[in-house]
């Protein structure tokens, strides 16, 4: 409104309502103008981009879904002139792609391993869920042993092998076997454990250290090792499945999970060694880490396949998969060590000094103060190195272990399914599987990173 | 402090094994003993095993006749050449893939990385999809894909894709014209070298002049003119000594020209695009690491967008980009060993593959192969560290 006086003075005491902004600057149209066509270069880029999408996306959708063949028994189904993906081929080869040549009636065993893995992994990955210590103990210690027994069938006569090395009363009693377990060996084992504990405890007490503590540690080591040997030793009645029959996604996951489970503790040790004050230990760790990081994984696998058997006593001929696992574990331990070192370096000096001022010993300081903080910091890094480990597992196909990609490649040669689209179908399927695994992990890593990042964001 | 320690009451004597110095020395001695004993055991086992399997030792085998052919050789090689020669051929093939791959990966990576920060929605979307897809698929998968699904699906030589009658793409690889060096090539090469030196000197001089007078010279155009002009003059003077031999289809295959084998193409494309996805992420984070205040300050000084990017943002971003870029280059070099998966004759395929199978001398061959990669790693990081030192922030 406004006031108008007699002398013609005009006073406006209220603002005029602003006009709406020009239509071309707001809303969808404005966004398009601002973001897509703001300049000549931008317009060209937009059009080129749309052309690229138009070139790739429709054929991809047509191939994967619209023109795809969904049912059929053999290659006849996928021989039409304009066919897309031949999904019956994947259906027919599915078992082989997941389990390799694992006996069909025994496939419940890998299934249990998969299920247990998921059940243990998911609570470990959700930061807010409780019982992390128990959970990681189950996943990192119990799960590998159980999986090993389930997948191979267990009943490996480890005791017989060990017997040659310590058989105190064997010569007097002979073998007494129940359920595949050699009772004599275990009596022997317990006696040896007690003797060893007494010896170590006595030695340390003599030197003025803590004798009981040392004896207890020795007993724990014997107990853990004994439990491991016993788990392998017991005959659960599972038929033995040799690793040559394993394959597909099973082998991919076995290698990836073994790599991570073995590399984490090894990597932590190496990282601590690299940060240590002791020159010789530090030098050894640096050489070890830099050596494995400097060579490609392929040469490591060649090393494990051809060179490792030469270094072991003649007669021991380790399994091909086991050799590859050793190579992968050493390789990924070196990378893990660098990730953990990053975490250790990120912990401020005050934490170390505070822990020392509290009178904690070095191992207490690391276990209770430094490592929990450092490891939480580097969870994204650990997940990232897990992703690259997962991608690297494909390399084992070069040393004739048939992982997922290896099985896929082998399935291309099946004359029953020889069609022009078989190859593309296989690549499409494997690509989707690999992508889902790696993309899922990278999203998780981003999620943790965001959770850890408490700083202000622009 | 020392005074205080001096007057401290005599401590109760504890056992020497609680002394940290004794412990550290003891631990190191134990570690050393373990390593030495393990090494000695390995050596002992290796000697016994080698003797039992009647495998020769030593590097004498490098002088023996190899007896196998290699389908891409950068230096003269035949089946009668030695294993040492085969090693060199493999090494050169590895270096070729690494160099070409690194150049391609850097170009694609920078384009995609800048694309991820573009204001243009379509460009940003395509760049993001590129990075996420390529980064999350195993490199060996991608190499096999390019080799089996793309290059093997190319038409046969008779129906090959013809680009201007000069380049032919078929399932036998890519055929390009072969350069023929006639009389006077040396002069042209000298001219090229001279032009290069002149360009560098002019760049220096122009920079110095700008420091003094504040005037910018058109360095880019002058240098382009130098680099193209001087060799061109030399070519005209010598009467165009460099000519090209065109490939021609004769019967079922091509005659003349240079054949780039499909294994090389597949490996290079796969490695370059894969590594480019990682480089793109490094570039993006590097540019984002430069504080926004720098852009604002540059704008308020009156610099235009392009100048801001070229003179303010990129020099600072390079500091952040260089270290991860180095490790990406190293990764590409190491990943080139995946060549063995498709049969490209690189170092691993030729040496650790065929030669190892023929001679059985695993220890020597794998040690040499690993040594080569270690040396390549060290050289790359040395070069990159020198560069890094030059661009690093000078802290006072």
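Observations
- Among the numbered conditions (1) more than 13 Å from chain B (Cβ to nearest Cβ); (2) at negative phi, the only one that residue A:298 does not meet is (1).
- When residue A:248 is tested against the conditions (1) under 30 Å from residue B:55 (Cα atoms); (2) buried (at least 21 other Cβ atoms within 10 Å of the Cβ); (3) away from chain B (no Cβ under 14 Å), the lone failure is (1).
- Of the candidates A:59, A:88, A:110, the single residue that is surrounded by 12 or more Cβ atoms within 10 Å (Cβ to Cβ), in contact with a strand residue (DSSP E or B) (Cβ under 9 Å, 6 or more places away or on another chain) and without any contact (Cβ under 8 Å) to a residue 24 or more places away in the chain is A:88.
- Residue within the stretch A:316-328 that is at the interface with another protein chain (Cβ under 10 Å from one of its Cβ atoms) and either surrounded by fewer than 18 Cβ atoms within 10 Å (Cβ to Cβ) or without any contact (Cβ under 8 Å) to a residue 40 or more places away in the chain (or both) present: yes
- Among the residues listed as B:29, B:107, B:25, the single one being modelled with pLDDT of 85 or more and in the same structural domain as residue B:279 (by TED's automatic domain parsing): B:107
- Residues in the stretch A:113-131 that are in contact with a helix residue (DSSP H, G or I) (Cβ under 8 Å, 6 or more places away or on another chain) and surrounded by 12 or more Cβ atoms within 10 Å (Cβ to Cβ): A:113, A:114, A:116, A:117, A:120, A:121, A:123, A:124, A:125, A:127.
- Residue within the stretch A:353-376 that is crowded, with 21+ Cβ neighbours inside 10 Å and closer than 28 Å to residue B:39 by Cα present: no
- Scanning the stretch B:295-304 for residues being surrounded by 14 or more Cβ atoms within 10 Å (Cβ to Cβ) and part of a helix (DSSP H, G or I) gives a total of 3.
- Taking the listed residues A:281, A:286, the one that is modelled with pLDDT under 90, more than 18 Å from residue A:325 (Cβ to Cβ), more than 10 Å from every other protein chain (Cβ to nearest Cβ) and part of a helix (DSSP H, G or I) is A:286, with no other qualifying.
- Candidates B:382, B:376, B:338, B:356: the one that is surrounded by 24 or more Cβ atoms within 10 Å (Cβ to Cβ) and either under 14 Å from the mean Cα position of the chain (by Cα) or assigned by TED's automatic domain parsing to the domain that holds residue B:144 (or both) is B:338.
- Checking each residue in the stretch A:206-237 for being surrounded by fewer than 16 Cβ atoms within 10 Å (Cβ to Cβ), within 14 Å of chain B (Cβ to nearest Cβ) and either assigned to a helix (DSSP H, G or I) or modelled with pLDDT of 80 or more (or both) picks out A:206, A:207, A:213.
- Of A:312, A:297, all but one fail to be touching a helix residue (DSSP H, G or I) at 6+ places or on another chain (Cβ under 9 Å) and crowded, with 17+ Cβ neighbours inside 10 Å; the exception is A:297.
- In the stretch B:305-322, residue farthest from the chain's Cα centre (by Cα) [restricted to those that are surrounded by fewer than 16 Cβ atoms within 10 Å (Cβ to Cβ) and away from every other protein chain (no Cβ under 13 Å)]: B:307
- Cβ-Cβ contacts under 6 Å between residues 6 or more apart (or on different chains), taken from a first residue in the stretch B:17-43 that is more than 10 Å from every other protein chain (Cβ to nearest Cβ) to a second residue that is surrounded by 13 or more Cβ atoms within 10 Å (Cβ to Cβ), are listed as B:22/B:16.
- Just one of (1) in contact with a helix residue (DSSP H, G or I) (Cβ under 9 Å, 6 or more places away or on another chain); (2) surrounded by fewer than 19 Cβ atoms within 10 Å (Cβ to Cβ) fails for residue B:155. It is (1).
- Positions within the stretch B:44-83 being assigned to a loop (DSSP other than H, G, I, E, B), without any contact (Cβ under 8 Å) to a residue 24 or more places away in the chain and within 14 Å of chain A (Cβ to nearest Cβ), in sequence order: B:54
- Flag for residue B:325 being within 27 Å of residue A:384 (Cβ to Cβ) and either crowded, with 21+ Cβ neighbours inside 10 Å or in contact with a strand residue (DSSP E or B) (Cβ under 8 Å, 6 or more places away or on another chain) (or both): yes
- Matching entry among A:386, A:402 (being crowded, with 19+ Cβ neighbours inside 10 Å and closer than 27 Å to residue A:124 by Cα): A:386
- Qualifying residue in the stretch A:367-386 (condition: in contact (Cβ under 8 Å) with a residue 40 or more places away in the chain, within 13 Å of chain B (Cβ to nearest Cβ) and in contact with a strand residue (DSSP E or B) (Cβ under 6 Å, 6 or more places away or on another chain)): no
- Counting only strands (runs of 3 or more DSSP E) that fall entirely inside the stretch B:133-231 and contain at least 2 residues that are over 30 Å from residue B:338 (Cβ atoms) and more than 26 Å from the chain's Cα centre (by Cα), the qualifying elements are B:178-181.
- For residue B:371, the conditions (1) out of contact with any helix residue (DSSP H, G or I) (no Cβ under 8 Å at 6 or more places or on another chain); (2) more than 21 Å from residue B:93 (Cβ to Cβ); (3) in a helix (DSSP H, G or I) all hold with the exception of (2).
- Matching option when the condition is modelled with pLDDT of 80 or more and in a helix (DSSP H, G or I), among A:185, A:140, A:172, A:161: A:140
- For the stretch B:116-139, the set of residues classified as more than 8 Å from chain A (Cβ to nearest Cβ) and either more than 15 Å from residue B:273 (Cα to Cα) or surrounded by fewer than 23 Cβ atoms within 10 Å (Cβ to Cβ) (or both) consists of B:116, B:117, B:124, B:128, B:129, B:130, B:131, B:134, listed by residue number.
- Of the numbered criteria (1) surrounded by fewer than 16 Cβ atoms within 10 Å (Cβ to Cβ); (2) part of a helix (DSSP H, G or I); (3) within 20 Å of the chain's Cα centre (by Cα), the one residue B:343 fails is (2).
The values are calculated or read from the model by the stated rules, or taken from the named source; none is laboratory data. Quick caveat, the model's predicted, so the values are computed rather than measured. Counting neighbours? That spans all protein chains shown, and the Cβs are built from the backbone with ideal geometry, glycine included.
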